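Only one structure is covered here, and it is reproduced in the block below.
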Amino acid sequence: MSKIAVVYWTGTGNTGAMAEAVAEGAKAAGAEVLLTDCGGFNASMMDEYDAVAFGCPAMGAEELEDGEFLPMFTACEAKIAGKKLALFGSYGWGDGEWMRLWEERVREKGAALIADGLIINDAPDDEGLQKCRALGKALA
């Protein structure tokens, strides 16, 4: 059984809903799953998991949330080389630039992205939640 961590930050609840669906998909594929907001995760925990899904919405000028999520994620970067990762998040404007930059960042650090980052405009609908579940299954 693989161990998966789904770690996220949410402001409006949209990315939180995505995180729950990613966790559901991983559980359905037989994984043991930790679902937690970024305050419940740190770099020392990275080695405990076979794979990690990180979720953060676009903030400001299409950036990662920098008060809570980014400090946690930056600390975890030292442990992502060779780690299976998935990235996801919601957005309300722009074209997904924050996700493209985030994907580039983790690839440069040697992470093994299992898929392109999953972005959903505003609240995830049924189709969006299905995509989140599929991402969780792929990660498991």
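Every number in this text was worked out from the coordinates using simple rules, so none of it is lab data. Since this is a predicted model, take the numbers as computed values, not measurements. All Cβ positions, even for glycine, are placed from backbone atoms using ideal geometry, and neighbour counts span all protein chains on display.
How about segment 11-49: which of its residues are of a type in the set (Asp, Glu) and farther than 18 Å from GLU77 by Cβ? Within segment 11-49, GLU20, GLU24, GLU32, ASP37 meet the criteria.
Screening the candidates THR10, THR15 for the property of being hydroxyl-bearing (Ser, Thr, Tyr), closer than 23 Å to ALA140 by Cβ, under 15 Å from the mean Cα position of the chain (by Cα) and in a helix (DSSP H, G or I) yields one hit, THR15.
The conditions of being closer than 15 Å to ALA86 by Cα, among the β-branched types (Val, Ile, Thr), under 12 Å from the mean Cα position of the chain (by Cα) and not in a helix (DSSP H, G or I) are met by VAL52.
Listed residues GLY25, GLY89; which is in contact (Cβ under 8 Å) with a residue 24 or more places away in the chain, outside any helix (DSSP H, G or I) and buried (at least 22 other Cβ atoms within 10 Å of the Cβ)? So the residue among GLY25, GLY89 that is in contact (Cβ under 8 Å) with a residue 24 or more places away in the chain, outside any helix (DSSP H, G or I) and buried (at least 22 other Cβ atoms within 10 Å of the Cβ) is GLY89. Taken over segment 91-113, the residue count meeting the criterion of being within 14 Å of the chain's Cα centre (by Cα) and either on the phi > 0 side of the Ramachandran plot or of a type in the set (Phe, Trp, Tyr) (or both) is 3. Report whether or not GLU68 is surrounded by 15 or more Cβ atoms within 10 Å (Cβ to Cβ) and either at positive phi or of a type in the set (Asp, Glu) (or both). When the stated conditions are applied, GLU68 does not pass them. Here THR36 clears all of (1) farther than 14 Å from ALA19 by Cα; (2) surrounded by fewer than 16 Cβ atoms within 10 Å (Cβ to Cβ) except the condition numbered (1).
Select from segment 66-86 the residues that are part of a strand (DSSP E or B) and closer than 17 Å to ALA43 by Cβ and list them in ascending order. Within segment 66-86, LYS84, LEU85 qualify.
Of everything in segment 92-108 that is surrounded by 15 or more Cβ atoms within 10 Å (Cβ to Cβ) and not small (Gly, Ala, Ser), the residue that is nearest to SER44 (Cα to Cα) is VAL106.
Filter segment 114-133 down to the residues that are buried (at least 16 other Cβ atoms within 10 Å of the Cβ) and aliphatic (A, V, I, L, M), then identify the one that is nearest to the chain's Cα centre (by Cα). Out of the qualifying residues, it is LEU118.
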